[in-house]
């Protein structure tokens with residue numbers, strides 16, 4: 001009789017230990033999930049499937065636009081080694097959102113190379129500009145703020161736009177002499 005009671009007690013203890021382990025592991029998973037999600041703000045209606053892909057309700061909407069309907073022209077009389085003005089013309093029915101972000105690429109051995117920023121502490125304001133009645137927007141780009149002064153060479157400006165994913169649209173090339 002004592003052996004039967006002892007076996008029952010051992011079985012009950014094993015079940016309790018397993019239950020406690022399962023509960024603790026579930027709590028740890030929830031804590032990990034919470035701590036990971038508090039590192040960034042995700043607005044309502046936006047789904048993040050991985051670091052590089054953001055899904056919004058607008059992704060399910062068909063837009064009538066194509067990067068080939070966009071030109072980014074360097075205004076030649078504004079070129080200096082510290083700044084340049086660009087003229088964006090977006091002839092799409094559903095135009096892209098045009099922010100302030102840009103990159104500078106230099107042509108090195110017939111290949112385009114992104115220039116390095118002068119600091120990792122730089123940021124872009126998150127604003128979108130409207131085009132005028134001619135579907136155009138002029139922007140002055142402060143190259144020195146992000147890249148320092150440009151050396152002699154051939155360059156182009158890269159403007160990222162969101163079209164279900166981020167894509168790059170390139171300006172014509174310009175030269176610093």
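Nothing in this text is a laboratory measurement; each read-out follows from the coordinates by a stated rule. Here the structure is a predicted model, which means the values were calculated and not measured. Note that we place each Cβ from the backbone using ideal geometry, even for glycine, and neighbour counts take in every protein chain shown.
With the cut-off at under 19 Å, measuring from each backbone N in segment 156-177 to a point 7 Å along the Cα-to-Cβ line of residue 107 picks out 156-159, 169-177. Across segment 115-177, the mean sequence separation of Cα contacts (distance under 8 Å, 6 or more residues apart), normalised by length, yields a relative contact order of 27 percent. The mean of 1/r over all pairs of different alpha-carbon atoms in segment 63-176, once inverted, gives a Kirkwood hydrodynamic radius of 14.7 Å.
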